[in-house]
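Right, one structure below, let's go through it.
The values are calculated or read from the model by the stated rules, or taken from the named source; none is laboratory data. Since we're looking at a predicted model, the values are computed, not measured. Here the Cβ positions follow ideal geometry from the backbone for every residue, glycine too, while neighbour counts run over all protein chains shown. Heavy atoms of the whole protein, side chains included, go into the accessibility calculation; ligands, DNA and RNA do not. Shrake-Rupley method; radii C 1.70, N 1.55, O 1.52, S 1.80 Å.
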Amino acid sequence: MAVFPFYIESVRCGFPSPAEGHEESLELMDYLVRHPNATFVLKAAGDSMTGAGIYDGDLLVVDRAEAVLPGRIVIARIYDEFTCKRLIRKNNTWWLKAENPNMAPFPMPEDSEIFGVVTRNIHNLLER
């Protein structure tokens with residue numbers, strides 16, 4: 001397990017402010033993973049979820065123990081392929097919605113399933 005220094009104060013993305021410097025420690029795995037036995041990581045591919053801040057190459061932390069609720073970003077298995085979309089409820093039917101205005105939502109096919117809920121997105125800022 002890796003433990004990192006964790007500064008309690010938030011960092012401002014606007015004008016800088018003098019930091020108080022209060023430091024604790026952060027167990028990164030505890031922050032990223034709530035249910036270790038039900039969690040896995042997938043690499044995002046494509047641009048259908050850029051509106052949710054998920055970009056091609058990002059690492060998605062997926063938890064199979066999290067409740068599947070409308071509005072959550074999920075991994076669905078459709079025809080033996082995984083897709084990452086926002087789950088919505090429409091006319092008593094489950095739909096998958098891309099977070100890209102060029103892609104229309106679609107109802108979940110009958111033989112598809114929700115494989116897990118995306119709980120974290122790890123975005124590499126160095127490779128862009």
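Inside region 74-106, can you point out the residues that are surrounded by 12 or more Cβ atoms within 10 Å (Cβ to Cβ), touching a residue at least 40 places away in the same chain (Cβ under 8 Å) and not charged (D, E, K, R)?
Passing the criteria: Val74, Ile75, Phe82, Cys84, Ala98, Asn100, Met103.
Quick one: in region 92-122, of everything that is of a type in the set (D, E, K, R) and outside any strand (DSSP E or B), which residue is nearest to Ser48 (Cα to Cα)?
The extreme case among them is Glu99.
Could you say whether any residue in region 60-73 is out of contact with any Phe, Trp or Tyr (no Cβ under 7 Å at 6 or more places or on another chain), open to solvent by 40 Å² or more (accessible area, probe 1.4 Å) and at pLDDT below 95?
No, region 60-73 contains no residue that is out of contact with any Phe, Trp or Tyr (no Cβ under 7 Å at 6 or more places or on another chain), open to solvent by 40 Å² or more (accessible area, probe 1.4 Å) and at pLDDT below 95.
Could you grab me the full set of residues in region 5-59 that are at pLDDT below 85, aromatic (Phe, Trp, Tyr) and open to solvent by 90 Å² or more (accessible area, probe 1.4 Å)?
Selection gives Tyr7, Phe15.
Give me the pairs: first residue in region 107-120 and open to solvent by 20 Å² or more (accessible area, probe 1.4 Å), second residue part of a loop (DSSP other than H, G, I, E, B), beta-carbon distance under 6 Å, and six or more apart or on different chains, which are they?
Ile114/Val68
Condition (residue is within 30 Å of Val3 (Cβ to Cβ) and touching a Gly at 6+ places or on another chain (Cβ under 8 Å)) applied to region 70-93: is it met by at least one residue?
Checking region 70-93: at least one residue is within 30 Å of Val3 (Cβ to Cβ) and touching a Gly at 6+ places or on another chain (Cβ under 8 Å).
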